[in-house]
Structure formats: structure tokens, C-alpha cells
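Following: one structure in C-alpha cells, then a few remarks.
The values are calculated or read from the model by the stated rules, or taken from the named source; none is laboratory data. Since this is a predicted model, take the numbers as computed values, not measurements. Because the Cβ atoms are built from the backbone with ideal geometry, glycine has one as well, and the counts that use them run over all protein chains shown. Heavy atoms of the whole protein, side chains included, go into the accessibility calculation; ligands, DNA and RNA do not. Shrake-Rupley method; radii C 1.70, N 1.55, O 1.52, S 1.80 Å.
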Amino acid sequence: MLKGVNRVLLGLFGLGLFALGGGVLLGGLDLQRHWGFDVPGWWPFRGPGDVVLGTEGRTRWREEGWWWPTVIAVLAVLLALLLWWLFAQRRHRLGQVLVDSEDGAAARLDGRTLEDAIEEEAQALDGVSRAHVRLTGRRTAPAARVRLLLEPHADPEWILGQLSRETLAHARDSAGLDRLPSKVRLREARHRADRVA
């Protein structure tokens, strides 16, 4: 759902900027005179001499007592909405996974426990220096994000195969999940070069 909201908001924001930019460009380049068409009466930018916000528009309500509190309140609300949207982009850690217990009731499995189990099993693989797992998604359809730090001698293809066939399969089966989609990031551990005398 977050992806859909993001796309709609970014689309509307982009459309608004495109319309505003097109209107300013239309007036700034005096295209209506060059191309021989008229703009509506309410159109604010009629020629190169027009400005986006004139002196009257900038100073109209400055002396009113409600003007500055309203401006500050609107900007504060806008800032709060933008911060909320920014923090909503982060994928939150999944606190619980709902497991079908086959008796009609769903059991709850602690998400951190499942993450720890996957981390321990992944870290036990030959060539893995460190593992970090985060569960995301919905409680009924979790997904795993796995980051592995590989030792210099590690075979990435073998490690990915073992992780997929064993580690993640064990987690999926033990939690009673039909599927556990995963994204895996591999990074090689830096090490100092050995000196040869």
C-alpha cells in the first residue's frame, strides 16, 4: 500500500510542478504572442514582465494579525506531514509472524526470535563472517532481508545455495509459512594484505 501512496503523491506533486513550470515558461518566453493564442483571464503569467508573486501579493496580508500565525501553522503542518512520510519509507521490523496452527487459531511467533534463528544458522555457514536478518512485510506474509559479510575465501554461489535450500527453507518450514521471499546482500570483509618477505 505504501508503494501505491508514494506513486500517487509523487505523481500529483510532479504534475503540479510540471503545470507551474509550464505556466511560467509560457509567460516567460511570451509563447502565446509568438504562437498566436490567448490564455484565460485568470492566467497569472501573461508575458516576460510578469512575476510569480508580485509586490501586492507579497504584502497584501502582512499587517493582518492572523497572517503570520497562519503561515507558521501551515508550514508546521506541512513539515510534520513531510517528516511522517519520510519515516514511513523505512521498512519497519516485523514484530510478530502469524503461524497457522491447523486448529483454526493462529499462533504468534516473535519476529525477533525468527530473525535470530536465521542469523545463527546463516553465520554457521562456511565463509560467512557475520549475518544480519530483518523481517519485513505483513504478519501473514513476511519477507526476509539478509545481509551477509563474507570472508575472503568464501564461495558466494555455494553460500547462496545453502542459504536458500537450507537456512531459509528451515525458517519457512518451522514457521509454517507457504513462502518466505528473501533479498540477500553479500559483502566481502576487508582484510589486510599479507606481507611476503
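Kindly state, to the nearest 0.05, the FRET efficiency for D116 paired with K3, given R0 = 25 Å and r defined as their beta-carbon distance.
On the way: r = 29 Å, r/R0 = 1.15.
The value I calculate is 0.30.
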Residue among V74, L163, T55 farthest towards the positive dipole end of the chain, charges placed on Cβ: T55
For the chain, the longest principal axis of the Cα atoms and the Cα long axis of helix 67-88 enclose an angle in degrees, to the nearest 10, of 30 degrees
Largest-first ranking of T59, T140 by accessible area, probe 1.4 Å, whole protein assembly kept, is T140, T59
Any idea of the accessible area per residue across the range 1-83, 1.4 Å probe, to the nearest Å²? 83 Å²
Candidate values (1) 1, 6, 10, 10, 9, 9, 8, 7, 6, 5, 6, 7, 7, 6, 1, 0, 0, 0; (2) 1, 8, 17, 20, 21, 16, 10, 5, 2, 0; (3) 1, 7, 15, 17, 17, 13, 11, 8, 6, 4, 1, 0, label of the one derived for P(r) over Cα pairs in 5 Å bins from 0, in percent: (1)
Rounded to the nearest 20 debye, what is the charge dipole size of the range 120-197 about its Cα centre when +1 sits on each Lys and Arg Cβ and -1 on each Asp and Glu Cβ? 600 debye
Could you check how much of the accessible area of the chain is carbon and sulfur, as a whole percent, using a 1.4 Å probe? 58 percent
Listed peptides 72-84, 166-178, 112-124, 22-34 by packing density, highest first (mean Cβ within 10 Å): 112-124, 166-178, 22-34, 72-84
Tilt relative to the chain, helix 2-28 - C-alpha long axis, 0 to 90 degrees, to 10: 30 degrees
Given +1 on the Cβ of Lys and Arg, -1 on the Cβ of Asp and Glu, and no further charges, what dipole in debye does the chain carry about its Cα centre, rounded to the nearest 20? 540 debye
Out of all DSSP beta bridges with both ends in the chain, state the antiparallel percent to the nearest 5. 65 percent
